[in-house]
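Report on the following structure.
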Amino acid sequence: MSPLRYRSLAAHLQDVFGEKVWKIPLDAGFTCPNRDGTLSRQGCSFCNPRGSGSGLLAQGLDLASQWERFKHSLERGRKARLFLAYLQSYSNTHGPAERLARVLEEIRPLPGLAGLCVGTRPDCLDAEKLGLLAAFSATEKWLDLGLQSSNDATLVRINRGHTARDFARAATAAATCGLQVCAHLMAGLPGEGQEEFLASVRFVADLAVEGAVAGVKFHNLYVCRDTPLAEQWSRGEYAPLALADYADWVAEALALLPPNTVIHRLHADPAPGELLAPDWAGDKAGLRRAVLGRIEAGFPG
Ligand code: SF4
């Protein structure tokens, strides 16, 4: 356990590799079934239509060039040596298995590669794709799997297009293949208060006890430009959480999770230009200070 009183991803990777490991975000050009018409064209109600993507592939940079760009800057600025390839944009197991296989082949020889982290949705995994990920040779293999809420009514409200049961099934299948699953959870979803958020945390904690979930990523829901949530917010139908509430909720959530749960992130970080509200979500240092301060206060002694 780190002095931060929870097991951060950085501390976990330090323990595994004996040195700091840096994440490099990669844009492999995948799309999302909730955007390309497979499920819907609207997307999740909070989702930036760019899907958290860097857009580097569209700018002509293949994966090796993206890797080199980040790696070069981390080597020079931080003396970094080991890196985790993070397929972040959209749903990186969507589409034919052959496509995922090709992407993994491109990633395999990247210099300094210590592991893999693949962001996706529960409905974009099947036995063939899990087999490809399981066969990928790396010490650390994480599946960053979106749940957001364990409440199916909320999942319908935000147009997720899957259920909590779908998540549990996918997480269990992935863990059975030897992948480490990181559950993505949101605080401040429309129609949800602290009780519903902590119910989602308990749902994930139960899966962690069963061995299906190994990590959690927390996300303070903020309003992004050009989203259905932005329209609800501008009509006064949605109000984001207060910073003090978010800090409280996360501190309580950490106490509910098994202590060895790897916390990939305590809060989200809006991309430049996408944030409409709340203002505090754009103050990364202040947000981190508030959350860490609340965690420390919640673990006296
Ligand atoms: S699944 Fe992810 S990329 Fe797709 S619409 Fe939802 S948040 Fe956006």
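Summary table
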{"quantity": "Unique match (being touching a Gly at 6+ places or on another chain (Cβ under 8 Å), aliphatic (A, V, I, L, M) and modelled with pLDDT of 95 or more) among LEU82, LEU74, LEU57", "calculated": "LEU82"}
{"quantity": "Check on VAL156, without any contact (Cβ under 8 Å) to a residue 40 or more places away in the chain, within 16 Å of the ligand (Cβ to nearest atom) and within 19 Å of the chain's Cα centre (by Cα)", "calculated": "no"}
{"quantity": "Residues that are among the aliphatic types (A, V, I, L, M), surrounded by fewer than 22 Cβ atoms within 10 Å (Cβ to Cβ) and in contact with a helix residue (DSSP H, G or I) (Cβ under 7 Å, 6 or more places away or on another chain), drawn from the range 186-206", "calculated": "LEU198, ALA205"}
{"quantity": "Residues located in the range 102-148, provided they are part of a helix (DSSP H, G or I), of a type outside the set (D, E, K, R) and over 19 Å from ALA170 (Cα atoms)", "calculated": "VAL103, LEU104, ILE107"}
{"quantity": "Selected residue (criterion: farthest from the ligand (Cβ to nearest atom)) from residues of the range 96-109 that are touching a residue at least 40 places away in the same chain (Cβ under 8 Å) and crowded, with 19+ Cβ neighbours inside 10 Å", "calculated": "ILE107"}
{"quantity": "Subset of the range 80-95 that is of a type in the set (Gly, Ala, Ser) and within 16 Å of the ligand (Cβ to nearest atom) - its residue that is surrounded by the most Cβ atoms within 10 Å (Cβ to Cβ)", "calculated": "SER91"}
{"quantity": "Selection within the range 30-79 - part of a loop (DSSP other than H, G, I, E, B), aliphatic (A, V, I, L, M) and more than 10 Å from the ligand (Cβ to nearest atom)", "calculated": "LEU56, LEU57, ALA58, LEU61"}
{"quantity": "Any hit, the range 177-198, residues being modelled with pLDDT of 95 or more, away from the ligand (no atom under 16 Å from the Cβ), out of contact with any Leu (no Cβ under 9 Å at 6 or more places or on another chain) and in a helix (DSSP H, G or I)", "calculated": "yes"}
{"quantity": "Some residue of the range 5-15 being of a type in the set (Ser, Thr, Tyr), within 12 Å of the ligand (Cβ to nearest atom), part of a loop (DSSP other than H, G, I, E, B) and surrounded by 15 or more Cβ atoms within 10 Å (Cβ to Cβ)", "calculated": "no"}
{"quantity": "Meets criteria (in contact with a strand residue (DSSP E or B) (Cβ under 8 Å, 6 or more places away or on another chain), assigned to a helix (DSSP H, G or I) and away from the ligand (no atom under 14 Å from the Cβ)) for ALA170", "calculated": "no"}
{"quantity": "Residues of the range 110-128 satisfying the condition of being crowded, with 19+ Cβ neighbours inside 10 Å and under 23 Å from GLN148 (Cβ atoms)", "calculated": "LEU116, CYS117, VAL118, GLY119, THR120, ARG121, PRO122, ASP123, CYS124, LEU125"}
{"quantity": "Test: residue in the range 12-23 that is closer than 17 Å to ASN92 by Cα and at pLDDT 95 or above", "calculated": "yes"}
{"quantity": "Number of positions in the range 268-277 that are touching a Lys or Arg at 6+ places or on another chain (Cβ under 7 Å) and either closer than 16 Å to LYS217 by Cβ or crowded, with 20+ Cβ neighbours inside 10 Å (or both)", "calculated": "1"}
{"quantity": "Residue count, the range 96-112 (criterion: closer than 19 Å to LEU179 by Cβ and out of contact with any strand residue (DSSP E or B) (no Cβ under 9 Å at 6 or more places or on another chain))", "calculated": "5"}
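The values are calculated or read from the model by the stated rules, or taken from the named source; none is laboratory data. A quick note: this is a predicted structure, and the numbers were derived from the prediction, not measured. Positions of Cβ are generated from backbone atoms using ideal geometry, with glycine treated the same way; all protein chains shown enter the neighbour counts.
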